[in-house]
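Participant: This structure is in structure tokens; I'll ask about it shortly.
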Amino acid sequence: MGNFNLDVTLKKALDEFQSKNPMEMAWKSGTEFQEGQFSMGFLGTPVEVTYPEGILREQNGGKELGLIERILVLHYLTFAGGSPILNQKISYKELPGGSIYIEPFTNRCIRPLIALFGDDLTSFQTTAEKCGGMQESYGDSSYCFYPLPNIPVTFVLWAADEEFPANGNIIFDASAGDYLPTEDYAFLCGMLVGKLKQSKNH
């Protein structure tokens, strides 16, 4: 998505969205479809997507969301394959073609996560729980979020010690490749880090 004109990417996403059966998309993506719109959670906010226009807004006629958010949600609805969550964790590199995008992913998502919370795991715990995260048992502190219905994403942090600086990682369920193009995970996780940052500062 980063290398293309967003308007072109949106048009392609809309064409794809409009060519698919909404009931099938709802089933495969774990969303609800009724009265001409999809309902789901997106980064902790209830949103709706109109069909066939593909307008994304906060639920109950709330404000319209931005272009990248809209593209991400349309990609999710059209790309979702309906795989069950496998409860096996994989790294970004293990997603299809992930090794190609690992640098942008690290710069956009992992480094900002470490910068935010690497030296303050207590703040990570408080903020993660405030944003709906569920505690996991990886690293020194880890939380799982659902930025989209069938996409669990786990943020993992290790505190600094005498030998090593603080470190972090973001891991996915092994089914992740069936729900979004790999490149989109860099945008999605970047937005999730942004949400935590905003929540931390409030």
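The values are calculated or read from the model by the stated rules, or taken from the named source; none is laboratory data. Note that the structure is predicted; figures quoted are calculated from it, not measured. Cβ atoms come from the backbone with ideal geometry, glycine included; neighbour counts cover every protein chain shown.
Participant: Provide a single number: the residues in region 37-85 that are of a type in the set (Gly, Ala, Ser), surrounded by 15 or more Cβ atoms within 10 Å (Cβ to Cβ) and in a loop (DSSP other than H, G, I, E, B).
Facilitator: Counting residues in region 37-85 that are of a type in the set (Gly, Ala, Ser), surrounded by 15 or more Cβ atoms within 10 Å (Cβ to Cβ) and in a loop (DSSP other than H, G, I, E, B) gives 4.
Participant: Quick check on region 27-34. Is at least one of its residues within 17 Å of the chain's Cα centre (by Cα) and in a loop (DSSP other than H, G, I, E, B)?
Facilitator: yes
Participant: Any idea which of (1) buried (at least 19 other Cβ atoms within 10 Å of the Cβ); (2) free of Cβ contacts under 8 Å to residues at least 40 places away in the same chain; (3) within 21 Å of residue 42 (Cα to Cα) is the one residue 141 doesn't satisfy?
Facilitator: It is condition (3) that residue 141 fails.
Participant: Turning to a different aspect of this structure: With hydrophobic (A, V, I, L, M, F, W, C) and without any contact (Cβ under 8 Å) to a residue 40 or more places away in the chain as the only criterion, which of 79, 38, 105 stands out?
Facilitator: Values: 79 fails: without any contact (Cβ under 8 Å) to a residue 40 or more places away in the chain; 105 fails: without any contact (Cβ under 8 Å) to a residue 40 or more places away in the chain.
Criteria check complete, one pass: 38.
Results for (1) out of contact with any helix residue (DSSP H, G or I) (no Cβ under 7 Å at 6 or more places or on another chain); (2) at pLDDT below 95; (3) not assigned by TED's automatic domain parsing to the domain that holds residue 180, shown as yes or no for each residue.
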| position | (1), (2), (3) |
| --- | --- |
| 48 | yes, no, yes |
| 74 | no, no, yes |
| 97 | no, no, no |
| 111 | yes, no, no |
| 116 | no, no, no |
| 134 | yes, no, no |
| 140 | no, no, no |
| 143 | no, no, no |
| 155 | no, no, no |
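Participant: Another one. Among the residues of region 86-103, are any among the acidic types (Asp, Glu) and more than 23 Å from residue 198 (Cα to Cα)?
Facilitator: yes
Participant: Let me ask something else. In region 15-55, what residues are under 24 Å from residue 133 (Cα atoms) and acidic (Asp, Glu)?
Facilitator: Scanning region 15-55 gives 32, 48.
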